[in-house]
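Please read the structure below before turning to the comments.
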Number of protein chains: 2
Amino acid sequence: MTATVHTLSTSRAPSLDALMALVASDMNGVNSVILERMQSKVALIPELAGHLIAGGGKRMRPMLTLASASLLGYPGTRHHKLAAAVEFIHTATLLHDDVVDGSGMRRGKRTANLIWGNPASVLVGDFLFSRAFELMVEDGSLKVLKILSHASAVIAEGEVDQLTAQRRIETDEDQYLDIISAKTAALFAAACRVSPVVAEASEEAELALECYGRNLGIAFQLSDDVIDYASDTETMGKGVGDDFRDGKMTLPVILAYARGDQDDRAFWRAAIGGERVSDDDLAHATELLRQTDALADTIERARQYARRAIDALAMFPASKAKAALTEAAEFAVARAY
Amino acid sequence: MTATVHTLSTSRAPSLDALMALVASDMNGVNSVILERMQSKVALIPELAGHLIAGGGKRMRPMLTLASASLLGYPGTRHHKLAAAVEFIHTATLLHDDVVDGSGMRRGKRTANLIWGNPASVLVGDFLFSRAFELMVEDGSLKVLKILSHASAVIAEGEVDQLTAQRRIETDEDQYLDIISAKTAALFAAACRVSPVVAEASEEAELALECYGRNLGIAFQLSDDVIDYASDTETMGKGVGDDFRDGKMTLPVILAYARGDQDDRAFWRAAIGGERVSDDDLAHATELLRQTDALADTIERARQYARRAIDALAMFPASKAKAALTEAAEFAVARAY
């Protein structure tokens, strides 16, 4: 096959390449902080934390902190510590999530709880969470501390809320959006908001970037929900159908249940109740999701949130950072199909 | 029996009565903050948190914050929020501890993890921990935030360290003191240190109160270790012999193992390895602890730490607060025999 010489930029699939290139140099600084501050004289801490932290995550949230600073032309490095703090908070929640869900695979590797046990994952998560606050305190901005301590409380609330909704077929779209706004989007929003604070940008810029992050987080979560049914283990890095087998109410299921006939609803009730866990059941579920356009419409919902994220950036002049953040929002949706 | 008219104060057993009376009025303020700030629109959070928070704990750490403020003549109420934050951090670690240890009883009640499951306990612990930081941020002292975020990281480190030492018969006295200095004494020390910060007392007063708290914490932990072998469920509020059955290396076991003959050591190795969990095994363990004076000498060690705690108060003039803190240190030891 001959290479096309003049590819239009719009013809290629959106990716995170521009975002990664934009923040590459700053990310070295963030990675240094992460590696240095996950150390402890207790050897199990860096061993377990390193498994997850070095384990192929995208560093999506720190990238957002760095790109937001770049968007504002912030020349300093204070945000490196804060981006590391955000990643520590995220890592702590992943460690605890995997305990809560009893997950065995994450980012294509065995989970920490499977290797070192639930107790170690709980306690190392607590350590990383405390260390995140130490990093923020070292930075010394009470405003940043307020943003991130509040986000942390909201995340935990969202996680408990989701736990309560688990295996509850009655969970509706609004309730679900509340849950993911808290458990996923709050940290995306906070990651974007800390940079205007350290850059001493306007309140308007702060709110715009928070709005970008919040909507981007929802778009990412909704496309994750689709990928869990539509992808394979290699792409996803975790087992496909995990949400299904865990009885998780996600938007595709909520739509398919609402739109299904009596038989379909009986199936979903049993499935979410934990009585349908075979591969055949998963195949049937995926078929119902397609028949009812639940996957396509979840992607469409994700696209709306991505658009809102992009619109939130309207006040900022064109720049590499703005282009990279825009493409990240497109990527959040495009990766699901 | 006729009441003795002139009881010498030295003739009665030390108690926390003076401390409780000293802080009673302030504690109402702290309890209001606790009750108000453990609320959430997610009903499971106040339900689960309330089970433990309202469940008969002594509020030892908040009492220390309040008594330290009283010692310094601090007239304000800023420390109410901080005392509540300290109690939230403590409650979060208890929730996670019970998950880590698989405990079924705490303060004479079924544990939260037994009633609501491990996932809920992990996540509500995370919420309380985040809420603690929100309270501190509202207070606005970066110095207090530094003290408590560092203490939290040290606690988590100590917990992981203890997890590593669990079922390791080789753990020695120094290692064990490192563990309890981190997992127990760090929060006692921080609880005492925040008050001189808000009272704007001297650095010397800060360090003296921290020293008091740290040594008091060690004394409490060592007497807890004795009580776990020497008490009954009613006194302790948890099952006697829990440490034994969990294979926990505590100072009594460390001393008994070091002093035992070949047969005794073989027994302890098997017991700590999890192969001796019957009531007869516990009775034999307790007998070995008595034969080797391990319980009496652990109490003696605790007494030394309590004396150091009392000596740390030397710089403060006589007051009700000083007398109450002194008696609390005596109580820490006396409750174990």
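Worth pointing out:
- Leading residue by the ranking (surrounded by the fewest Cβ atoms within 10 Å (Cβ to Cβ)) among those in the stretch B:285-312 that are part of a helix (DSSP H, G or I) and among the polar types (S, T, N, Q): B:GLN291
- In summary, A:ASP225 fulfils each of the numbered conditions (1) surrounded by 24 or more Cβ atoms within 10 Å (Cβ to Cβ); (2) within 14 Å of another protein chain (Cβ to nearest Cβ); (3) among the acidic types (Asp, Glu) with the single exception of condition (2).
- Condition met for A:ASP261 (free of Cβ contacts under 8 Å to residues at least 60 places away in the same chain, surrounded by fewer than 21 Cβ atoms within 10 Å (Cβ to Cβ) and out of contact with any His (no Cβ under 7 Å at 6 or more places or on another chain)): yes
- Among the conditions (1) touching a Cys at 6+ places or on another chain (Cβ under 6 Å); (2) surrounded by fewer than 19 Cβ atoms within 10 Å (Cβ to Cβ), the only one that B:LEU64 does not satisfy is (2).
- Complete set of residues in the stretch A:86-134 that are within 13 Å of another protein chain (Cβ to nearest Cβ), acidic (Asp, Glu) and touching a Lys or Arg at 6+ places or on another chain (Cβ under 7 Å): A:ASP98
- If only residues of the stretch B:152-164 that are facing chain A (nearest Cβ under 7 Å) and of a type in the set (S, T, N, Q) are counted, the one that is farthest from B:THR91 (Cα to Cα) is B:THR164.
- Restricting the stretch B:135-151 to residues that are within 7 Å of chain A (Cβ to nearest Cβ) and not β-branched (Val, Ile, Thr), the residue that is surrounded by the most Cβ atoms within 10 Å (Cβ to Cβ): B:SER149
- Residue in the stretch A:165-174 that is crowded, with 21+ Cβ neighbours inside 10 Å, more than 18 Å from the chain's Cα centre (by Cα) and within 9 Å of another protein chain (Cβ to nearest Cβ) present: no
- Total residues in the stretch B:140-197, condition among the hydroxyl-bearing types (Ser, Thr, Tyr) and over 23 Å from A:PRO119 (Cα atoms): 2
- Filtering the stretch B:53-95 to residues that are of a type outside the set (S, T, N, Q), under 18 Å from B:PHE188 (Cα atoms) and over 15 Å from the mean Cα position of the chain (by Cα) leaves B:LEU66, B:ALA67, B:ALA69, B:LEU71, B:LEU72, B:HIS79, B:HIS80, B:LYS81, B:LEU82, B:ALA84, B:ALA85.
- The residue of the stretch B:46-104 that is nearest to B:ILE155 (Cα to Cα), among those that are charged (D, E, K, R) and in a helix (DSSP H, G or I), is B:ASP97.
- Residue match in the stretch B:29-40 (condition: assigned to a helix (DSSP H, G or I) and touching a residue at least 60 places away in the same chain (Cβ under 8 Å)): yes
- A:ASP98, sole failed condition from (1) in contact with a strand residue (DSSP E or B) (Cβ under 9 Å, 6 or more places away or on another chain); (2) more than 22 Å from A:ALA49 (Cα to Cα); (3) not hydroxyl-bearing (Ser, Thr, Tyr): (2)
FYI, it's all coordinate maths here, none of it is from the lab. A quick note: this is a predicted structure, and the numbers were derived from the prediction, not measured. A quick note on method: Cβ atoms are made from the backbone with ideal geometry, for glycine too, and the neighbour counts reach across all protein chains shown.
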